Structure formats: C-alpha cells, structure tokens
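Colleague: Sharing a structure, written as structure tokens. Questions coming.
Just so you know, all these numbers are worked out from the coordinates, no wet-lab data involved. No experiment lies behind these values; they were computed from the predicted model shown. Glycine also receives a Cβ, built like all others from the backbone with ideal geometry; neighbour counts cover every protein chain displayed.
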Amino acid sequence: MSIPHHPVVRTDRGPVLGAVHGVGLCFLGIPYAKAPVGALRFAAPEPPEPWAEPLDATAYGPTAQRRPFAEVTTIPEPTFPGAGILNLNVFTPEADPSAGLPVLVWIHGGGYVAGCSASPWYDGAAFNRDGVVLVSIGYRLGIEGFLHLDDAPDNRGVLDWIAALTWVRDNIAAFGGDPAKVTLAGQSAGGGAVQTLLATPAAKGLFRAAISVSGAVMQPQDAAVGRAVAELFTARTGLPATAQALRDRSDEDLLAYQDAMSAPGPDGEEPLLLLAPFADGELVPAPVMNALTTGDASAEIPLLLGFTAHEFNAMPFPDAPEEAALGLLAGLGLDPSAAGSFLASHPSLTTPQRMAQAITDATFRAPALAIAESRATRLRPTWLYEFAWTSEAPDVAGSSFHCLDLPFAFDLLSAEGVLEAAGPNPPQALADAVHAAWVRFVRSLDPGPDWPPYTLTDRATRVWDTTPRTEPDHLAPIRDVWLRQR
C-alpha cells in the first residue's frame with residue numbers, strides 16, 4: 001500500500017491532515033476536547049466543536065507544561081504555548097480503516113505537574129515499523145488538573161485521560177487501529193495514571209491491557225488527603241481553593257502558587273506529589289493501592305509493570321550518620337527490625353546511598369511488587385520486570401535511574417538526549433529485546449516465552465540487562481523487608 005504525502009483522515013469531529021513519518025504517518029495535536037479556558041478551565045472536558053475543512057495536524061499542539069519539571073531533566077520535553085492543551089498525537093503504519101492494528105496509548109510522566117506528549121522519546125516510529133499504532137496524549141497538570149476545588153469536579157486530569165481514551169475508542173479505526181485492542185501505558189506519573197485508571201470504573205472497557213513503568217501514586221491517597229492539600233493551598237497562598245477564585249489567574253500565577261505549596265515546611269521537608277490523583281470517592285472510588293492490592297479492580301486486565309533498579313538513587317543526600325537513615329526508614333514505614341534488615345542488605349553502600357535506595361524502594365519497587373503479589377494471589381495475568389542495565393554517561397555511570405528504560409522500550413537509542421542519559425554505546429540488542437516484548441504484549445497480551453507470568457510458585461521477574469534473563473523470586477529482599485510492613 002502506498003502512503004500518501006498529504007494523508008487526510010476523517011474523525012468524528014472533522015477531517016485532519018497528517019504527514020509522512022518514517023515508515024508510517026503522523027497526525028499531531030488533534031484536539032480531543034475543547035480548550036480548558038474560561039468557564040471550562042476547571043470543568044470536565046467537553047468534546048470539541050466540529051470543523052469542516054481539514055485541520056492541520058502536522059505539528060505538535062500546545063502543551064499543558066508551562067515550564068520543565070527541573071532545570072535539567074532526563075527526557076527532553078518541549079513547551080509549546082497555546083490554550084488547546086487537550087490534544088493527542090497518532091502515529092500509524094497506515095490510515096486504513098480495515099487494518100485493525102493493535103494500539104498503544106501513552107501517558108507521559110512529570111510528577112503530574114510537568115511533562116508533555118511531544119518528546120522525541122515518545123515518537124511512534126519503531127512501533128509503527130512493528131505494526132502498532134501509537135497514541136500519545138496531553139492532559140491538565142498541577143492545580144488545573146488535580147487540586148481539590150469546592151466548586152469543580154475532582155481529578156480533572158483523570159477525566160482528561162478518560163476523554164482521550166474515549167476519543168481513541170471512537171476514532172482510532174479510521175487511523176488503522178482496532179479499538180478493541182488498546183493497551184494503556186505510561187511512565188512515572190504516567191505509570192501512576194495507568195494504575196489509577198485500572199482502579200477507575202469510568203475507564204472500564206476503554207483498554208484491554210496495561211503497562212505501568214515506574215508508576216508513582218500519592219500515598220496515602222484518599223479524599224481527606226485531597227481536602228488537606230486544598231487547605232495547604234489556602235494556607236500558603238491566602239486564596240480559597242475554588243474555581244471561581246482561580247479561573248482568571250494567569251499561568252504564571254498558578255505556577256507561583258504551586259511553588260508556594262511545595263516549599264519546605266517548618267520541619268524542612270518538601271512535600272511530594274501534592275498535586276496528583278486521589279480517591280475522591282466518586283470518579284476514583286478508593287485509594288489506588290488499596291484497590292489494586294486488596295480488591296478486584298480491573299482484575300481481568302493483563303498488567304505488565306516494573307521499575308529501574310535505582311530510580312531516584314542519584315538524589316543528593318548529604319553525608320549523614322546511620323541514625324539519619326534509621327529515621328528516614330521509620331518515616332517510610334519500616335519498624336526497627338525491618339530497618340535493620342534493610343541496612344544489612346546493602347553493606348557496600350554509604351549511608352546517603354542507602355537512604356536514596358530506600359526512597360527508590362518505598363516509592364517504586366515495593367508498591368509494584370505488592371501489586372504483583374496481590375494479583376498473583378488472585379491468579380490475575382501479571383508480568384513483573386526490573387530494568388537493571390546501568391548508564392555509562394558521566395555523572396550517572398553505574399546507575400539504572402528513573403527514565404533510563406524508555407528509549408529502550410521505544411527503540412529510540414538515537415533520539416535527542418539519549419547519549420547524555422545512557423552514554424555513548426547503549427546496547428541496541430537490549431533495546432531490541434525490551435521493545436519486542438512490549439510489541440508482543442500489545443499484540444497478544446503476552447510478552448513472550450522467555451518471560452512467564454508472575455505467580456506465587458516462582459515469582460518470575462524479567463531482568464533487563466546487557467544479557468536479559470528471567471529469575472525466580474529476584475526481588476525476595478524487597479519482599480522480605482518492605483512487604484511485611486504492609
């Protein structure tokens with residue numbers, strides 16, 4: 001089938017004009033909801049008004065991100081101005097309605113306050129090469145997406161994710177995809193989004209499988225926490241937590257309010273994940289970890305999940321006595337016996353390195369393992385991995401840190417920023433293996449014969465390293481130290 005140079009696809013709102021991209025086509029910045037401005041700034045997303053002439057979808061649309069997550073970030077994520085931030089991108093091998101290709105929907109990370117879908121690390125070319133349609137979505141961030149407001153719906157960012165998935169259900173066939181073969185995936189905050197949507201009844205039926213990469217959710221995550229964050233907002237800014245008070249504030253004002261909320265408190269601690277999905281009792285009925293580890297939330301959905309070996313171990317902890325590490329471990333929920341076991345299991349690490357590893361374990365590794373353990377108890381289809389290959393880049397050499405696995409999963413080792421993150425010679429063979437496992441999972445709901453499901457019999461864990469391998473009970477030390485506290 002020849003690919004047209006100026007492809008036009010008709011959506012349920014109007015036609016869109018795309019462009020040739022690699023071996024396929026791309027359609028960028030397609031609105032799936034009206035621009036959230038004015039009365040819609042803190043409202044549930046509404047479908048866009050129809051249009052008649054082909055909409056130019058050859059360049060990325062506006063981003064909700066108004067500034068990067070930090071001065072230096074691993075993933076290059078540009079900021080594009082404009083109001084129409086509720087848009088998505090489609091990369092497809094062929095815009096043939098009869099193709100019936102599997103679909104991967106990608107939700108970006110960024111701590112729920114930054115990030116965007118326009119990163120070169122999220123390009124769909126390799127997935128298109130392998131017969132998969134990729135959709136990447138933008139959504140409201142920070143205060144606009146997740147602050148509890150007395151006169152607005154909660155979890156507006158979650159409503160955006162559902163609206164984007166609904167658009168995929170209603171339109172992806174025109175781009176060559178099968179709406180019955182959608183896999184939802186995301187990393188960091190995006191991985192937390194995947195977990196949240198698994199626990200959100202309104203998302204049921206919009207995807208058939210899920211991939212959570214280094215997923216992060218608020219802990220604890222109930223309605224009381226949402227109200228407490230709103231009270232903190234008012235205490236730090238002097239403004240009521242209402243849409244009426246914030247609707248006409250500038251983007252710069254909202255960023256300043258976020259900075260005020262995240263400033264260190266009297267104890268010197270910086271609050272983390274304040275602006276994130278929470279269990280509001282309606283859209284998200286129960287805390288996500290509770291729903292995924294004690295209930296039957298999305299039990300029928302095959303789930304692939306995991307993390308990097310070191311995630312946030314590059315966090316700059318100053319030198320400290322062992323008592324400081326014990327205090328941190330207690331704050332993370334370990335009793336003295338478990339804390340002693342954790343310290344003893346890392347004899348070669350300095351105290352600051354142990355503290356960083358504790359943050360990594362408590363935030364990413366132990367929660368993912370708890371989900372895998374619970375699903376295995378209920379015989380739910382689950383595959384667990386640890387990405388253990390370590391970077392050779394200066395300053396982070398020897399670390400398998402947060403985000404490092406993404407260019408391997410997307411098979412984009414030549415993309416902008418990968419050299420700085422991974423070093424000069426990241427192994428293409430590893431990218432081939434990780435990417436192929438993702439493609440098999442998206443196609444057939446099974447990542448392949450070399451990676452069996454996680455069961456209580458052998459707790460098989462895929463270890464992505466220079467030589468990939470599957471190990472039984474690879475994470476036993478984490479299970480023995482962290483999960484017995486739950």
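Colleague: Quick one: what does P(r) look like for segment 363-486 with 10 Å bins over all Cα pairs, in whole %?
Modeller: Result, from short to long distances: 13, 40, 33, 13, 1 percent.
Colleague: How big is the charge dipole of segment 338-389 about its Cα centre, in debye rounded to the nearest 20, if each Lys and Arg gets +1 on its Cβ and each Asp and Glu gets -1 on its Cβ?
Modeller: Charge dipole of segment 338-389: 180 debye, to the nearest 20.
Colleague: Could I ask something else about it? Per residue, what volume in Å³ does the convex hull of the Cα atoms of segment 160-314 enclose?
Modeller: Once divided by residue count, the hull of segment 160-314 is 167 Å³.
Colleague: Based on Cα coordinates alone, diagonalise the gyration tensor for segment 257-369, multiply each eigenvalue by 5, take square roots, and list the semi-axes in whole Å, largest first.
Modeller: For segment 257-369, the ellipsoid semi-axes come out as 28, 21, 13 Å.
Colleague: Next question, about the same structure. Going by average Cβ density within 10 Å per residue, which order do the peptides 106-115, 119-128 take, highest to lowest?
Modeller: 106-115, 119-128
Colleague: Taking a cut-off of 14 Å, what percent of all Cα-Cα pairs in segment 348-395 are separated by more than that?
Modeller: 67 percent
Colleague: Mind putting together the pair-distance distribution for segment 1-130? All Cα pairs, 10 Å bins, whole percent per bin, short to long.
Modeller: 12, 39, 35, 13, 1
Colleague: Write down the Kirkwood hydrodynamic radius of the chain, to one decimal in angstroms, obtained as one divided by the mean of 1/r over all alpha carbon pairs.
Modeller: 22.9 Å
Colleague: To the nearest 20 debye, what is the magnitude of the charge dipole of the chain about its Cα centre, counting +1 on the Cβ of each Lys and Arg and -1 on the Cβ of each Asp and Glu?
Modeller: Once rounded to the nearest 20, the dipole reads 1020 debye.
Colleague: Taking every pair of alpha-carbon atoms in segment 109-172, what share in percent sits in each 5 Å bin, from 0 to the bin with the longest distance?
Modeller: That works out to 4, 16, 20, 20, 19, 11, 6, 3, 1, 0, in percent per bin.
Colleague: About the Cα centre, and with charges only on the beta carbon of Lys, Arg (+1) and Asp, Glu (-1), how big is the dipole of segment 354-486? Nearest 20 debye, please.
Modeller: Computed charge dipole of segment 354-486: roughly 760 debye.
Colleague: Something else: So if I take the centroid of the Cα atoms in segment 440-469 and the same for segment 49-113, what is the distance between those two points in Å?
Modeller: Here the answer is 30 Å between Cα centres.
Colleague: For the chain, what is the mean residue ellipticity at 222 nm derived from helices alone (per DSSP H run of n ≥ 4: -39500 (n - 2.57); sum divided by total residues; nearest 500 deg cm²/dmol)?
Modeller: So the calculated ellipticity at 222 nm is -8500 deg cm²/dmol.
Colleague: Could you tell me which of Ile85, Pro240, Ala279 has its Cα farthest along the dipole of the chain towards the positive end, charges placed at Cβ (Lys, Arg +1; Asp, Glu -1), taken about the Cα centre?
Modeller: Toward the positive end, the furthest listed residue is Ala279.
Colleague: I would also like to ask the following. Choose one of Thr377, Ser391, Gly327: the residue whose Cα lies farthest towards the positive end of the charge dipole of segment 272-414 (beta-carbon charges +1 Lys, Arg; -1 Asp, Glu; about the Cα centre).
Modeller: Thr377
Colleague: Could I ask something else about it? In Å, what is the Rg of the alpha-carbon atoms in segment 32-108, and how long is Dmax?
Modeller: Expressed in Å, the Cα Rg and Dmax of segment 32-108 come to 15.4, 45.
Colleague: From the Cα trace of segment 393-455, what convex hull volume per residue do you get, rounded to a whole Å³?
Modeller: 106 Å³
Colleague: Note down the relative contact order for segment 396-470 as a percent, whole number, built from C-alpha pairs under 8 angstrom at least six residues apart.
Modeller: Over segment 396-470, the number comes to 23 percent.
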